[in-house]
Every structure is written in C-alpha cells, then in structure tokens.
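Novice: One structure is given below, represented as structure tokens, and several questions about it will come after.
The values are calculated or read from the model by the stated rules, or taken from the named source; none is laboratory data. Nothing here was measured: the structure is a model prediction, and the numbers come from that model. Counting neighbours? That spans all protein chains shown, and the Cβs are built from the backbone with ideal geometry, glycine included.
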Amino acid sequence: MAILVFTTEIAADKQRVWDIMMHPDTYKEWVGAGWTGAYYDGVWEQGQKVALLSPGQGGTLMELVEVRPYEYLFAKHVAVVNPDGTKDRDSDAAKGWVGSTESYTLKGGNGSTVVKVEIHTVPEWTSMFEEGWPNALAKLKEVCER
C-alpha cells in the first residue's frame, strides 16, 4: 500500500472545520474542488457506512471504524459502488479499494486548525489522490475562513 498525507492549516476552530467538512452542502462544495460533483450518502458516526459518490459514476463504500467528533475519523473502504448502486467487493477494481483506508485528524488551538488527511491505497490510485486532495483542501480552507 502507498501512504499519502495531505495537510492544510485553517484559520478557524476545530468545531467549525469539522462541521463544514461533514455537512452535506459544504462537503459537496469543498470535495467538489477535487472531484467534480462528489457527494456522500450516510451518517458520519462510528460503526456506520458512508458512500462517497460521483453522479453517474458510482463511488466507494466505507465503514467508519473510529469517529471522535472535532478530532479524528478513521474509515476503511469495504466495497465499490457501481453506477447502478450495486456493491462490488470481488472484481479486480473492487479489490484495489477494499481494505484501503483514510483518516482525518484535526489539531487546533488559538483559533487555528491543522487538518491532516492520510490515505493508504494501492499505487494505481495515488495520482487521483495527489491531484484531488490539494484542490479539495484548498477549497476547505477557503470555505472555513470566509
């Protein structure tokens, strides 16, 4: 697995950053800067499953293994979501996603928050993340600071 780490510092407290990251409307805004039209379906609570989706393209389903609001989220990808909504765990494409992980860590103080995103993925997907995450985090910073 490749390990990718992306960070940004935002002039806002952890609660504001977390709330903007997780709210359906603002999630679409900031994540859309990295992956056009991206949205999620689910609830950001430990033990729940959340689908990360793109219109007409499907996406991925992840299980939220650990959630500490305003501080940390760790998720494990458990399936690919096909464009028709079916879940795929067995194809070669799915095997590249299943077992990959992502985490979000928020550390803050004095009105500032550092957001760290860590992705563990197969090398075939690194360029997608390396292209998307810097744009998404730049937009998250912009949305949180306005």
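Novice: If you go through region 17-25 one residue at a time, do you hit one that is at pLDDT 95 or above, touching a strand residue (DSSP E or B) at 6+ places or on another chain (Cβ under 7 Å) and not in a helix (DSSP H, G or I)?
Specialist: Among the residues of region 17-25, not one is at pLDDT 95 or above, touching a strand residue (DSSP E or B) at 6+ places or on another chain (Cβ under 7 Å) and not in a helix (DSSP H, G or I), which makes the answer no.
Novice: Among Thr86, Thr60, which is the only one that is polar (S, T, N, Q) and surrounded by fewer than 13 Cβ atoms within 10 Å (Cβ to Cβ)?
Specialist: Thr86
Novice: For region 129-146, enumerate the residues that are surrounded by 13 or more Cβ atoms within 10 Å (Cβ to Cβ) and out of contact with any strand residue (DSSP E or B) (no Cβ under 8 Å at 6 or more places or on another chain).
Specialist: Hits for region 129-146 are Gly132, Asn135, Ala136, Lys139, Glu142, Val143.
Novice: Can you pull out every residue in region 104-146 that is within 20 Å of Glu71 (Cα to Cα), in a helix (DSSP H, G or I) and β-branched (Val, Ile, Thr)?
Specialist: Answer for region 104-146, where residues must be within 20 Å of Glu71 (Cα to Cα), in a helix (DSSP H, G or I) and β-branched (Val, Ile, Thr): just Val143.
Novice: Looking only at region 99-128, filter to residues that are under 19 Å from Leu73 (Cα atoms) and acidic (Asp, Glu); which one of those is surrounded by the fewest Cβ atoms within 10 Å (Cβ to Cβ)?
Specialist: Among those residues, the one meeting the criterion is Glu118.
Novice: Same structure again: Out of Gly85, Gly47, I need the residue that is in a loop (DSSP other than H, G, I, E, B), at pLDDT 95 or above and not basic (Lys, Arg). Which one?
Specialist: Gly47
Novice: I'm told Asn110 meets every condition in (1) at pLDDT 95 or above; (2) out of contact with any Phe, Trp or Tyr (no Cβ under 8 Å at 6 or more places or on another chain); (3) more than 18 Å from Ser54 (Cα to Cα); (4) not aromatic (Phe, Trp, Tyr) except one. Can you identify the failing condition by its number?
Specialist: It fails just one condition, (1).
Novice: Which condition does Thr36 not pass, out of (1) modelled with pLDDT of 95 or more; (2) surrounded by fewer than 17 Cβ atoms within 10 Å (Cβ to Cβ); (3) out of contact with any Asp or Glu (no Cβ under 7 Å at 6 or more places or on another chain); (4) not in a strand (DSSP E or B), if it passes all the others?
Specialist: Thr36 satisfies all of (1) modelled with pLDDT of 95 or more; (2) surrounded by fewer than 17 Cβ atoms within 10 Å (Cβ to Cβ); (3) out of contact with any Asp or Glu (no Cβ under 7 Å at 6 or more places or on another chain); (4) not in a strand (DSSP E or B) except (1).
Novice: Criterion first (in a strand (DSSP E or B), basic (Lys, Arg) and under 27 Å from Val122 (Cβ atoms)) does Lys76 satisfy it?
Specialist: Here the answer is yes, as Lys76 does meet what is asked.
Okay, residues lined up against (1) touching a residue at least 60 places away in the same chain (Cβ under 8 Å); (2) closer than 21 Å to Leu140 by Cβ; (3) among the aliphatic types (A, V, I, L, M):
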{"position": "Val5", "(1), (2), (3)": "yes, yes, yes"}
{"position": "Gly32", "(1), (2), (3)": "yes, yes, no"}
{"position": "Val50", "(1), (2), (3)": "no, yes, yes"}
{"position": "Gly59", "(1), (2), (3)": "no, yes, no"}
{"position": "Met62", "(1), (2), (3)": "no, yes, yes"}
{"position": "Thr86", "(1), (2), (3)": "no, no, no"}
{"position": "Arg89", "(1), (2), (3)": "no, no, no"}
{"position": "Gly96", "(1), (2), (3)": "no, no, no"}
